[in-house]
1. What is the residue count in the stretch 230-255 for residues that are of a type in the set (Asp, Glu) and in contact with a Ser or Thr (Cβ under 9 Å, 6 or more places away or on another chain)?
2. Could you list all residues from the stretch 239-267 that are touching a residue at least 60 places away in the same chain (Cβ under 8 Å) and either part of a helix (DSSP H, G or I) or of a type in the set (Asp, Glu) (or both)?
3. Going through the stretch 173-182 one residue at a time, which ones are small (Gly, Ala, Ser) and buried (at least 19 other Cβ atoms within 10 Å of the Cβ)?
4. Considering the stretch 48-76 alone, what residues qualify as being of a type in the set (A, V, I, L, M), more than 28 Å from Val137 (Cα to Cα) and more than 18 Å from the chain's Cα centre (by Cα)?
5. Please go through the stretch 50-71 and pick out each residue that is in contact with a helix residue (DSSP H, G or I) (Cβ under 6 Å, 6 or more places away or on another chain) and either in a loop (DSSP other than H, G, I, E, B) or more than 22 Å from Val174 (Cα to Cα) (or both).
6. If you check Asp37, Asp22, which single one turns out to be modelled with pLDDT of 95 or more, more than 18 Å from the chain's Cα centre (by Cα), exposed (fewer than 14 other Cβ atoms within 10 Å of the Cβ) and of a type in the set (Asp, Glu)?
7. Just checking, how many residues over the stretch 173-182 are part of a helix (DSSP H, G or I), out of contact with any helix residue (DSSP H, G or I) (no Cβ under 6 Å at 6 or more places or on another chain) and under 12 Å from Trp227 (Cα atoms)?
8. Need a quick list: helices (runs of 4 or more DSSP H) entirely within the stretch 183-238 having at least 3 residues that are in contact (Cβ under 8 Å) with a residue 24 or more places away in the chain, over 19 Å from the mean Cα position of the chain (by Cα) and crowded, with 16+ Cβ neighbours inside 10 Å.
Amino acid sequence: MSDRPGRIIDAHVHLWDPARTDWYPYLGGGRDLGMGDVSGMARRFDPAAHEHESRGWNVVDLVNVAAATGRYSVAETLELDRLAGIDGQPAAIIGGLPATTSTAEAVGLIDEQAVATRFRGVRPMHAGGPPVPDDDVLASLADRSLVFELMAHPPDLVDAARRLQDHPDLTVVVEHTGWPRSTEDAERALWAAGLEALADAGDHIHCKLSGLAMPLGAVGVDAFRPWIEPAIEAFGAGRCMFASNFPVDGLHTTLDGLWSTYDAVTAGLGDDDRDLLFAGTAARIYDLGGASGSDSGSVDAS
């Protein structure tokens, strides 16, 4: 067994407070996520909780990803940036791109969030909407050196790859390992074809290795290896990053259990590749210069 990774950047967390029922109605049962009982993730999750639950692992930075519904995700970005000035985390924020009626409106919402010093990009926040926004919006993100995070299930991955290959100057992150919905053979075939298409569409497209506990309903080496290894093979370690998706994946495991699984799945890789997967790729994508060394220290919520 290899040593634990020298540093970890958790590239996908949701720092939230269920008491904000306007922002997170689904945590109080006000909206069905199709995930069954979500009471286990309906808890206040802040940097101090992450630090406590990751004890024993050198987590140096957190990347918060929008979770507030619709336009509340814009306010969420600004509030988390304010709180990070107190708590020190998150170090980077992926904000929301709500549904809009025009490119100008979408760009306005992006620029509204850009006043936050930790703002690094957006992901769509409109259920049932197209996973990839209009080309003009993508171009605007690229012009601002911002990241676009793709939320798309396997049936939409190939089309997304066709769209995104035309924007080589835009940094793209595919969320949740391509977001498979089940382990059925048909779903896996769509997933594999889509992931290969995205990997081949250009070096500007990256893969966030996260969210697998949701479709698999379990966490462990045998469950994760058939999904993580093909993704790393397709993209390479330099275009992949591990993330916890906590507290959502906390429905199925602990942070210690998740990091232990990622650690075991990649135990056969070299130290350089493991550092890229656990921290280096995320540090580059989210411009976390302070995380460039393994001695950056653990998350300090004080």
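The values are calculated or read from the model by the stated rules, or taken from the named source; none is laboratory data. The model shown is predicted, which means the values in this text are computed figures rather than measured ones. Note that we place each Cβ from the backbone using ideal geometry, even for glycine, and neighbour counts take in every protein chain shown.
1. So the count comes out to 1.
2. The answer is Val248, Gly250, Leu251, Leu255, Asp256, Trp259, Asp263, Ala264.
3. Of everything in the stretch 173-182, just one residue is small (Gly, Ala, Ser) and buried (at least 19 other Cβ atoms within 10 Å of the Cβ), namely Gly178.
4. Correct list: Ala48, Ala49.
5. Glu53, Ser54, Trp57, Val60, Ala66, Ala68
6. Values: Asp37 fails: modelled with pLDDT of 95 or more.
Just a single option satisfies the conditions, and that option is Asp22.
7. Looking only at the stretch 173-182, we keep the residues that are part of a helix (DSSP H, G or I), and these are 175-178.
Now drop any that are not out of contact with any helix residue (DSSP H, G or I) (no Cβ under 6 Å at 6 or more places or on another chain), which leaves 175-176.
Those left that are additionally under 12 Å from Trp227 (Cα atoms): 176.
Residues flagged as part of a helix (DSSP H, G or I), out of contact with any helix residue (DSSP H, G or I) (no Cβ under 6 Å at 6 or more places or on another chain) and under 12 Å from Trp227 (Cα atoms) within the stretch 173-182 amount to 1.
8. 185-200
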